[in-house]
Amino acid sequence: MKKLLYIFLVFFSDMFIAQKSTHVKFAVYNNTVGTASMFDLYKSSIEKLNVFKTKASLPSHLKKFDYLADNGLIEITFKKNEGYPDSLPLEIINEQSNLPKDRPVFIEGYQFNDTNTRVYSEMITNIEIKDCNGLQCIHISTIRN
């Protein structure tokens, strides 16, 4: 009975850890991923926002980010000569955590398999290393409390 309870507990804890957040909406600028809320700080620098409500409505240059479009996806264009946030590839975050650079990274439950993907460092509020099917993986939180 204890084994069954343990297996049940492990199964549901893994399910909880891997759940995608319904509260995060991703935004892309210059092939770099951020969150819509992160760009609130740059409102005066933004020239244009394109909001895509479904995966099917994504233009071809954003199709590689379709796995992030569960809640829609925003494409941002900054005004010329305006500053924008610093970014880094996910492989750097893996290396800084002493993990293989090609190990998938999870951001709010969304799995990023391509660790060459750049993300804005400003959106990161917490980084944890968690077990994911027997592998140690980075889990990044972006939601500010």
Which percent, to the nearest 5, of DSSP beta bridges fully inside region 20-145 are antiparallel?
70
Which value, in Å², gives the accessible area per residue of region 20-145 when a 1.4 Å probe is used on the protein heavy atoms?
56
So if each residue of separation counts as 0.36 nm, and I subtract the Cα-Cα distance between Thr77 and Asp131, what length gain in nm does that give?
15.8 nm
Give the total of Lys-Lys pairs in region 27-131 with Cα-Cα distances below 22 Å; include a pair only if its members are 8 or more places apart or on different chains.
13
Using Cα centres only, tell me the gap between region 103-119 and region 29-81 in whole Å.
17
Amide H proximity to Leu58 below 5 Å, modelled H, separation 5+ or other chain, gives none
If we sort 96-105, 112-121 on the protection proxy, mean other Cβ atoms within 10 Å, highest first, what's the order?
112-121, 96-105
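The values are calculated or read from the model by the stated rules, or taken from the named source; none is laboratory data. Here the structure is a predicted model, which is why all the values come from computation and not from measurement. Positions of Cβ are backbone-derived with ideal geometry, glycine not excepted, and every protein chain shown enters the neighbour counts. Side chains included, ligands, DNA and RNA excluded: accessible areas come from the protein's heavy atoms. Shrake-Rupley method; radii C 1.70, N 1.55, O 1.52, S 1.80 Å.
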